[in-house]
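Enquirer: Dropping the structure in here first, questions after.
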């Protein structure tokens with residue numbers, strides 16, 4: 001009986017992705033100055049709707065070649081299940097997205113498709129609205 005239980009448990013671990021078993025779909029806010037996550041919260045329907053809206057509103061690539069800065073905040077949004085993207089993004093499914101909110105520049109999105117290739121776009125949303133949903137001020141100036 002013990003062997004059957006162990007085999008079934010092993011098969012469940014192999015058949016289901018870890019993130020499904022752990023239900024670890026957390027939005028994380030990262031502060032690059034402190035090099036740590038300063039807030040973590042569950043991905044809820046309101047945030048999911050915002051993410052979906054941004055993906056389908058993206059209409060411009062970000063103009064800077066190296067956009068990453070050491071100021072402001074980065075927000076990691078897990079996208080599970082993956083979202084189908086628009087033509088500008090490349091028509092692939094999106095697995096992960098980051099909202100980067102530098103202190104001195106406009107915010108932008110880094111979108112990872114299923115090929116794990118990052119694509120950078122201007123942010124089509126309202127940073128103040130996102131701050132309100134996350135209950136965290138993303139403008140640190």
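Enquirer: When you scan the range 63-73, do you find a residue that is closer than 23 Å to residue 126 by Cα, in contact with a helix residue (DSSP H, G or I) (Cβ under 9 Å, 6 or more places away or on another chain), outside any helix (DSSP H, G or I) and modelled with pLDDT of 65 or more, even just one?
Expert: Looking through the range 63-73, none of the residues is closer than 23 Å to residue 126 by Cα, in contact with a helix residue (DSSP H, G or I) (Cβ under 9 Å, 6 or more places away or on another chain), outside any helix (DSSP H, G or I) and modelled with pLDDT of 65 or more.
Enquirer: Quick one: how many residues across the range 78-104 are more than 14 Å from residue 118 (Cβ to Cβ), modelled with pLDDT of 75 or more and touching a helix residue (DSSP H, G or I) at 6+ places or on another chain (Cβ under 7 Å)?
Expert: Selection size over the range 78-104: 3.
Enquirer: Restricting the range 105-127 to residues that are assigned to a loop (DSSP other than H, G, I, E, B) and at pLDDT 80 or above, which is surrounded by the most Cβ atoms within 10 Å (Cβ to Cβ)?
Expert: 107
Enquirer: Do any helices (runs of 4 or more DSSP H) lying entirely in the range 1-61 carry at least 3 residues that are within 23 Å of residue 123 (Cα to Cα) and modelled with pLDDT of 85 or more, and which ones are they?
Expert: Hits in the range 1-61: 45-57.
The values are calculated or read from the model by the stated rules, or taken from the named source; none is laboratory data. Remember, predicted model here, so these are calculated numbers, not experimental data. Note that each Cβ is placed from the backbone with ideal geometry, even for glycine, and that neighbours are counted across all protein chains shown.
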